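Report on the following structure.
The values are calculated or read from the model by the stated rules, or taken from the named source; none is laboratory data. Fair warning: this is a prediction, and the values are worked out from it, not measured in the lab. Cβ placement follows ideal geometry from the backbone for every residue including glycine, while neighbour counts extend to all protein chains displayed.
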């Protein structure tokens, strides 16, 4: 039996034709965007290699890239620490408030001590914990307020309007003003109680 040598070009053309079919080409828009960004970044690094640009510009771009990476990581860590998820809020002293009934107690204690900002975080954790136990949201530390609102909308929850109002006020107080006073905390507490007690 005589073996026939298949030319390399024919093999490449056949493989390219097979993998060009739609069934093998399932890249998402995000995949394409990330690929394009990687190519742009690679081309930039090739052009900015040592000796091709002024050294101050090269190092300035390296420092800027490092600062951006640190900002992204820092934001993620901040979100994990202060945005309730699996372990809700890290309060002064580093004690986590877990999303259970003790979050309501911790919120009351912090408010009684005058730490209304930490109390607002605990209150948010308590509210999410209560809603999650009733099966209306699924908690995850990467979720944002918008994600929880979408969860409630998908379940056609009667709590959606009240939770949305609470969330809007909470975000304004914590992430807009950066602090919470007694009046704002009392307002948040009243809204949270209405969401829990009346389901809306």
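Starting from residues that are within 23 Å of residue 147 (Cα to Cα) and modelled with pLDDT of 75 or more, keep the ones in region 72-106 and report whichever is surrounded by the most Cβ atoms within 10 Å (Cβ to Cβ). Checking each candidate, the answer is 103.
When region 176-188 is filtered for residues that are surrounded by 17 or more Cβ atoms within 10 Å (Cβ to Cβ) and modelled with pLDDT under 90, only 180 remains. Is region 115-126 home to any residue that is assigned to a loop (DSSP other than H, G, I, E, B) and either more than 19 Å from residue 197 (Cα to Cα) or in the same structural domain as residue 191 (by TED's automatic domain parsing) (or both)? The answer is yes, given that some residue of region 115-126 is assigned to a loop (DSSP other than H, G, I, E, B) and either more than 19 Å from residue 197 (Cα to Cα) or in the same structural domain as residue 191 (by TED's automatic domain parsing) (or both).
When the residues of region 144-175 are filtered to those that are part of a loop (DSSP other than H, G, I, E, B) and buried (at least 19 other Cβ atoms within 10 Å of the Cβ), the one that is modelled with the highest pLDDT is 159.
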